[in-house]
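The values are calculated or read from the model by the stated rules, or taken from the named source; none is laboratory data. This structure is a prediction, so every number in the text was calculated from the model and none was measured. Cβ coordinates were reconstructed from backbone atoms using ideal geometry, including for glycine residues, and neighbour counts include every protein chain displayed. Just the protein is used for accessible areas: all its heavy atoms, side chains included, with ligands, DNA and RNA removed. Shrake-Rupley method; radii C 1.70, N 1.55, O 1.52, S 1.80 Å.
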Amino acid sequence: MTPGAQLADPARRPAASLREQLQEGRRELHRRYVAEGNATQVLRHHRLLIDRTLRSIWKQAALPNSLALAAVGGYGRGELFPYSDVDLLVLLPHEPDAELKAKLEALIGGLWDAGVEPGHSVRTIDECLSESAKDITVQTSLLEARWLAGSRSLFAAFTGAMRAQLDPQAFLQSKRLEQEQRYGKFQESPYSLEPNLKEAPGGLRDLQAILWISRSAGLGDNWMQLAARDLITTAEARQLAGYQKFLSELRVRLHYIAGRREDRLLFDYQSALAVQFGYADTPGKRASEQLMQRYYRTAKAITQLNTLLLQNIAVQLLSREHSEPEILNERFQAAHELLDARDPELFERQPGAILESFLLLQQHSELKGMSAPTLRALWRARSRIDARFRRDPANRALFLQILQQPRGIVHEIRRMNQYSILGRYLPAFGRIVGQMQYDLFHAYTVDQHILTVIRNLRRFTMVEFAHEYPQCSRLMAGFERHWLLYVAALFHDIAKGRGGDHSTLGMRDARSFCRAHGLSREDTDLVAFLVEHHLSMSAVAQKQDLSDPEVISAFAATAKTERRLTALYLLTVADVRGTSPKVWNAWKGKLLEDLFLLARRLLRGDSIGFEKDIQAKQDDALRLLRLYALSDEVKDRLWSQLDVAYFLRHDAQDIAWQTRTLHYRVDADRPVVKARLSPIGEGLQVMIYTRDQRDLFARICGYFEQINYSIADARIHTTRHGYALDTFLLLGPGNNPHYRDMINLIETDLADRLQRQTPLQPPTRGRVSRQLRHFPITPEVAIRPDERGASYALSIIAGDRPGLLYAIALVLGKYGINLITAKIVTLGERAEDVFLVSGAALANPKTVLKLESELLEALTHQ
């Protein structure tokens, strides 16, 4: 009996429905895989099962014999994963008439009815040629076509026409560009915490791309055939086969665990996959982390071999007539736009040339990489980077030169990491390569985050990116020896995972590096300061009251000099932007910029005695009001009801906007709600003016939760005559919320709700994100009086979820707590909110204890 013969066969079980047969066949495949664990057999037998099912459906459809059915894409090459699409081509000899169209529609319907779920196209040969000429993805899929049923002669004519149209050189160039675009979607790195094992760099697609290109050029259909052509070594061919087997098995198991097509190694599945691969938790590492580090090592090796093979194939396909190499120096030459070591044993004889090779790539923009022999030699010689190598002054000077070059810094630092050179030169960096971060807001491993921060800093120096963060670009342009920031970035998280404060430990590593590399005391102190305090500025900006002069003074005292302050601001922006696309927003950018500008004023000797500041704001607000043809007197009725705190916490533009809106309705009977696009360029700014009422903050939070908008900032003020004047910054859901469309709705609905004082609903149980399900956060609540005892700081840390702020507001309202300001900080799935509050209940320690307990309960049971 042949393998898989006992699986359901449509021809052998005519009484059962095709859907039932297919489902039973797939269940049997799953049972066999659990028992035997052979991914290759699963792919093959699944393909055979679908082949038989499709041929049965094709036969029942009674289509003309002149048509053909072909498998294409992954199904065409025989790699059909458990929940992958079944890609099909129905090949026509000519355009179909009405009768044939009806039969084809019935065929497709029959496929769905049988549970096949096809990805299908219906084309003539000419249409196939036309589409493949326009779209490299279509061409690639069709090149893998495999006959299933119908006319063999039509299928042969199709494959012959596709082969005749194929230009191997153009195909190579297109696949290279396609890979570059694909890499760009994944930040040029395999080191995402939840990588896509099919599409990300180092995934299955990298292996498939090589074989597509080699088949198109007639160079080979598998790894051993490529080795026979001397494109790779036999050992490398075996490695590639092993990597392909590992990723295939990982993908098969991922599909079965997810119960659907899923190619992302999400946190939801990592632990279960690790157990299936035989990993167990140890005191130092989770089982899932051990699995992921194996994945990262595999992906890293695949990217290396992908680069090597693409270069070797390109030399064979694209090299024009032989030309003499261009001599760069006594050690290196340029051949076919690649850096080439003139001596195959160069790196063994002169290890210092390892770092020189990366420096030359920076200095010669015409070079597109290293030749395959040079890459192999570099990889073999990486162990020559030892303690003696690191002590050599010449090597230390070369490493600093790499960081000081005007171009190519990010590319070459990444390349050094890819080939394990960076981790050999900086052993502390080598220890964090592929290290997971389970903090719910980092999206990358520690090493990839560090390289992303360096990339962000580098972008501040480039004219083409000056529009992104103009302030940072201006500051970087005037910052002498800005390469010191790259050194600080290399070390800012280098001590993660060691235990203890990684900022302090990293500072010690950075100081040792700077001393060893001959940096001046001033530069050493700057780098050490940046590493030690790289979290400070973000914490102050997002969690403390920037209208408080003492907060600004304390932060400026930490920075000490304007140069240090500028460097810390630039590093902080680059760091926060490098954690995850979800973490950065325009509001956080404004908070950091405001703190920077206020601290810089102090360090320059300017006063921030806020009487002068308030007068300047008021004068500026009056100037803005005059632009609307309003006299200076219109402010009097409103401003007479506002105290100093209001003018401290609002800028001139906000003051003018609110004055223009409220000057004629200072004693309004109905709530006034006005919204506008936020002046910072992201979100909505909403002003609420109404007679103060119990549970006002909770009612407002409940409404914003209902429309699925989150509060990024809240400024709460009560006028002298008992009106609430509150301002909120709101961020909408998704990537492109239609803020303008929401303005009228918010103004009307929220004003009506406040007027009617609708009863407060109990908090809903918000849906917990999948990250929080796997890495829950223990809620924390702390209430501390300020130094003057006039108000209290309420700090809350919890897993973020819908309804969180509303639940907090309900508890505060129950205890009669008045809200002064709110700093709402969301770091991925982690909420770290700080409220400035007051109220008689806070003077009683027993009541404070009860309040903290109820807040913890609300955070836990949300």
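Which residue is farthest from the chain's Cα centre (by Cα), if the candidates are limited to region 341-359 and must be surrounded by fewer than 19 Cβ atoms within 10 Å (Cβ to Cβ) and not in a loop (DSSP other than H, G, I, E, B)? Selected residue: Arg349.
Residues that are open to solvent by 10 Å² or more (accessible area, probe 1.4 Å) and more than 20 Å from Ser710 (Cα to Cα) were ranked within region 580-595; the one that is farthest from the chain's Cα centre (by Cα) is Asp594. Within region 689-711, restricting attention to residues that are farther than 16 Å from Gly813 by Cα and not in a helix (DSSP H, G or I), the residue that is most open to solvent (accessible area, probe 1.4 Å) is Arg691. Within region 520-550, being in a helix (DSSP H, G or I), modelled with pLDDT under 95 and buried (at least 18 other Cβ atoms within 10 Å of the Cβ) holds for Ser538, Val540, Ala541, Gln542.
For Leu630, indicate whether it is in a helix (DSSP H, G or I) and surrounded by 12 or more Cβ atoms within 10 Å (Cβ to Cβ). Taking the combined requirement at face value, the residue does not satisfy it.
Taking every residue in region 717-739 that is closer than 16 Å to Ala645 by Cβ and pairing it with any residue that is among the small types (Gly, Ala, Ser), at least 6 positions away or on another chain, the pairs with Cβ-Cβ distances below 9 Å are His717/Ala645; His717/Ala724; Thr718/Ala724; Arg720/Ser640; Tyr723/Ala668; Asp726/Ala714; Thr727/Ala714. Checked against the criterion of being open to solvent by less than 50 Å² (accessible area, probe 1.4 Å), among the β-branched types (Val, Ile, Thr), free of Cβ contacts under 8 Å to residues at least 60 places away in the same chain and within 26 Å of Leu250 (Cα to Cα), the candidates Val86, Val90 yield just one match: Val86. In region 842-855, the residues that are touching a residue at least 24 places away in the same chain (Cβ under 8 Å) and surrounded by 12 or more Cβ atoms within 10 Å (Cβ to Cβ) form Cβ pairs under 8 Å with partners that are part of a helix (DSSP H, G or I) and basic (Lys, Arg), at six or more places apart or across chains, as follows: Glu854/Lys814.
Of the strands (runs of 3 or more DSSP E) entirely within region 790-862, those holding at least 1 residues that are in contact with a Pro (Cβ under 8 Å, 6 or more places away or on another chain) occupy 792-799.
Exactly one residue out of Val666, Val673, Val686 is in contact with a Leu (Cβ under 8 Å, 6 or more places away or on another chain) and part of a loop (DSSP other than H, G, I, E, B): that is Val666.
So which residues in region 633-646 are open to solvent by 50 Å² or more (accessible area, probe 1.4 Å) and either at pLDDT 90 or above or part of a helix (DSSP H, G or I) (or both)? Of everything in region 633-646, those that are open to solvent by 50 Å² or more (accessible area, probe 1.4 Å) and either at pLDDT 90 or above or part of a helix (DSSP H, G or I) (or both) turn out to be Glu633, Asp636, Arg637, Ser640, Val644. Selection within region 573-596: residues that are among the polar types (S, T, N, Q) and in contact with a Phe, Trp or Tyr (Cβ under 9 Å, 6 or more places away or on another chain). The member of this set that is farthest from Leu730 (Cα to Cα) is Thr579.
Within region 452-479, residues that are open to solvent by less than 10 Å² (accessible area, probe 1.4 Å) reach partners that are acidic (Asp, Glu) and in a helix (DSSP H, G or I) with beta carbons closer than 6 Å, at six or more positions or on different chains, in the pairs Val453/Asp575. On the basis of being touching a residue at least 24 places away in the same chain (Cβ under 8 Å), open to solvent by 40 Å² or more (accessible area, probe 1.4 Å) and either closer than 20 Å to Thr821 by Cα or not in a strand (DSSP E or B) (or both), does Gln658 make the cut? Considered against the rule, which asks whether it is touching a residue at least 24 places away in the same chain (Cβ under 8 Å), open to solvent by 40 Å² or more (accessible area, probe 1.4 Å) and either closer than 20 Å to Thr821 by Cα or not in a strand (DSSP E or B) (or both), Gln658 comes out as no.
Of the residues making up region 727-742, one or more are open to solvent by 30 Å² or more (accessible area, probe 1.4 Å), at pLDDT 90 or above and among the aromatic types (Phe, Trp, Tyr). Somewhere in region 563-572, is a residue of a type in the set (D, E, K, R) and either surrounded by fewer than 17 Cβ atoms within 10 Å (Cβ to Cβ) or modelled with pLDDT of 90 or more (or both)? Yes; the residues of region 563-572 include at least one that is of a type in the set (D, E, K, R) and either surrounded by fewer than 17 Cβ atoms within 10 Å (Cβ to Cβ) or modelled with pLDDT of 90 or more (or both).
Apart from one condition, Gly115 fits all of (1) in a helix (DSSP H, G or I); (2) at pLDDT below 90; the exception is (1). Evaluated against (1) surrounded by 21 or more Cβ atoms within 10 Å (Cβ to Cβ); (2) without any contact (Cβ under 8 Å) to a residue 40 or more places away in the chain, Met292 falls short on exactly one condition, (2). If you check Leu317 against the conditions, is it modelled with pLDDT under 90 and within 21 Å of Arg176 (Cβ to Cβ)? Spelling it out, Leu317 is indeed modelled with pLDDT under 90 and within 21 Å of Arg176 (Cβ to Cβ). Each residue in region 58-83 was checked for being assigned to a helix (DSSP H, G or I) and surrounded by fewer than 19 Cβ atoms within 10 Å (Cβ to Cβ), and 3 pass. Could you check, for region 669-683, whether at least one of its residues is of a type in the set (Gly, Ala, Ser), in contact with a helix residue (DSSP H, G or I) (Cβ under 8 Å, 6 or more places away or on another chain), within 28 Å of Pro470 (Cβ to Cβ) and open to solvent by 50 Å² or more (accessible area, probe 1.4 Å)? Within region 669-683, one or more residues are of a type in the set (Gly, Ala, Ser), in contact with a helix residue (DSSP H, G or I) (Cβ under 8 Å, 6 or more places away or on another chain), within 28 Å of Pro470 (Cβ to Cβ) and open to solvent by 50 Å² or more (accessible area, probe 1.4 Å). Selection of region 93-112 for residues being surrounded by fewer than 17 Cβ atoms within 10 Å (Cβ to Cβ) and either touching a Phe, Trp or Tyr at 6+ places or on another chain (Cβ under 7 Å) or part of a loop (DSSP other than H, G, I, E, B) (or both) yields Pro93, His94, Glu95, Asp97.
Scan region 186-207 for residues that are open to solvent by 10 Å² or more (accessible area, probe 1.4 Å) and part of a helix (DSSP H, G or I) and jot them down. Result: Arg205, single match.
Screening region 615-627 for residues that are exposed (fewer than 15 other Cβ atoms within 10 Å of the Cβ) and of a type outside the set (Asp, Glu) and picking the one that is nearest to the chain's Cα centre (by Cα) gives Ala616. In region 161-173, the residues that are under 13 Å from Asp126 (Cα atoms) reach residues that are open to solvent by 70 Å² or more (accessible area, probe 1.4 Å) with C-beta atoms within less than 8 angstrom, at least six apart or across chains, in these pairs: Gln165/Ala133. Say we look at region 249-289 and pick out the residues that are part of a helix (DSSP H, G or I) and touching a Ser or Thr at 6+ places or on another chain (Cβ under 7 Å); which of these is surrounded by the fewest Cβ atoms within 10 Å (Cβ to Cβ)? It comes out as Ser271. For the criterion of being small (Gly, Ala, Ser) and modelled with pLDDT of 90 or more, Gly434 fails.
Condition (residue is assigned to a helix (DSSP H, G or I) and within 17 Å of Phe246 (Cβ to Cβ)) applied to region 212-221: is it met by at least one residue? No.
Looking across Arg415, Arg396, one residue alone is in contact with a Lys or Arg (Cβ under 9 Å, 6 or more places away or on another chain), open to solvent by less than 70 Å² (accessible area, probe 1.4 Å) and assigned to a helix (DSSP H, G or I). It is Arg396.
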